[in-house]
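Peer 1: Okay, here's the structure, questions in a sec.
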Amino acid sequence: MTRTALIAAMQEELAALLPAIDGARIEHRGGRAFWLGRLGGHEVVAVRSGIGKVAAAITATLLIDHYEASRMLFLGVAGGIGAGVQVGDVVVADALLQHDMDASPIFPRHEVPLTGLARFPVDAPFSDAVARGAEAALGQHADTAALLGHGSRLHRGLIVSGDRFVSTAAESQALREALPDALAVEMEGAAVAQVCHSFGTPLAVVRSISDRADDTAHVDFGLFLNKVAGPLGLAIVQQALG
Ligand code: ADE
């Protein structure tokens, strides 16, 4: 049996998705509510991880080791830091890195000690399917793009994670200087990628851009989270799972 795990950090990011699960059964474990059921004919388990790398890692471990998730999709919002990554765009990760990991000079900056890795991989075929789903979902949400005053675009590349909401232009500039190819910043994806790498579980991460991780990030983030993140997330998942 293939069971796809669907994880988001916050309730708003899952709000539209949970009611779409057929025959949902809710189990509580480790302070989290796991929704088991079917979505578009697929066996799924959906859960809110909570915010930050530790919360995400606990949740991913439970999904794999207890709920026998055979693949994992992390969805939610992120701050855009790459040039041209705008509010309303969608980023599908092709690798994830913990931008606040630094055990230098003993290990290279950003490398997770004793793994030999700074950039954790995603599953390419699953990420391709998610990217196709995101393209289709963006087509459906053309009205949102119009609202934002530009056509929403899909990007693929590096997503970076850390235990910090990036909310100043200076901080996002520092991230761009340290990691010039980073497209988006959030607080969970790279932790889930490390867990999935440990267990050999295929992973995809998709994030819609809620803010530019600058001085107005907290305002833009709240507006986007409440209005767009939920329905866009559901549309991406439905399209990606087929
Ligand atoms: N998630 C959404 N926006 C973010 C930001 N600016 N920093 C960290 N995580 C985010």
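Peer 1: From the list SER167, SER198, SER210, which residue is open to solvent by less than 30 Å² (accessible area, probe 1.4 Å) and either small (Gly, Ala, Ser) or over 20 Å from ILE58 (Cβ atoms) (or both)?
Peer 2: Result: SER210 is the single residue among SER167, SER198, SER210 that is open to solvent by less than 30 Å² (accessible area, probe 1.4 Å) and either small (Gly, Ala, Ser) or over 20 Å from ILE58 (Cβ atoms) (or both).
Peer 1: In the stretch 1-33, how many are over 22 Å from PRO231 (Cβ atoms) and buried (at least 21 other Cβ atoms within 10 Å of the Cβ)?
Peer 2: 0
Peer 1: OK, next. I need the full set of residues from the stretch 188-216 which are within 13 Å of the ligand (Cβ to nearest atom) and in contact with a Phe, Trp or Tyr (Cβ under 7 Å, 6 or more places away or on another chain), in order please.
Peer 2: Of everything in the stretch 188-216, those that are within 13 Å of the ligand (Cβ to nearest atom) and in contact with a Phe, Trp or Tyr (Cβ under 7 Å, 6 or more places away or on another chain) turn out to be GLU188, GLY189, ALA190, VAL205, SER210, ASP211.
Peer 1: Among the residues of the stretch 169-194 satisfying the criterion of being among the hydrophobic types (A, V, I, L, M, F, W, C) and outside any helix (DSSP H, G or I), which is farthest from ASP89 (Cα to Cα)?
Peer 2: Of everything passing the filter in the stretch 169-194, LEU179 is farthest from ASP89 (Cα to Cα).
The values are calculated or read from the model by the stated rules, or taken from the named source; none is laboratory data. Every value quoted in this text rests on a predicted model; they were computed, and no experiment measured them. Note: ideal-geometry Cβ built from the backbone for every residue, glycine included; neighbour counts use all protein chains shown. Side chains are part of the model used for accessible areas, which takes the heavy atoms of the whole protein and leaves out ligands, DNA and RNA. Shrake-Rupley method; radii C 1.70, N 1.55, O 1.52, S 1.80 Å.
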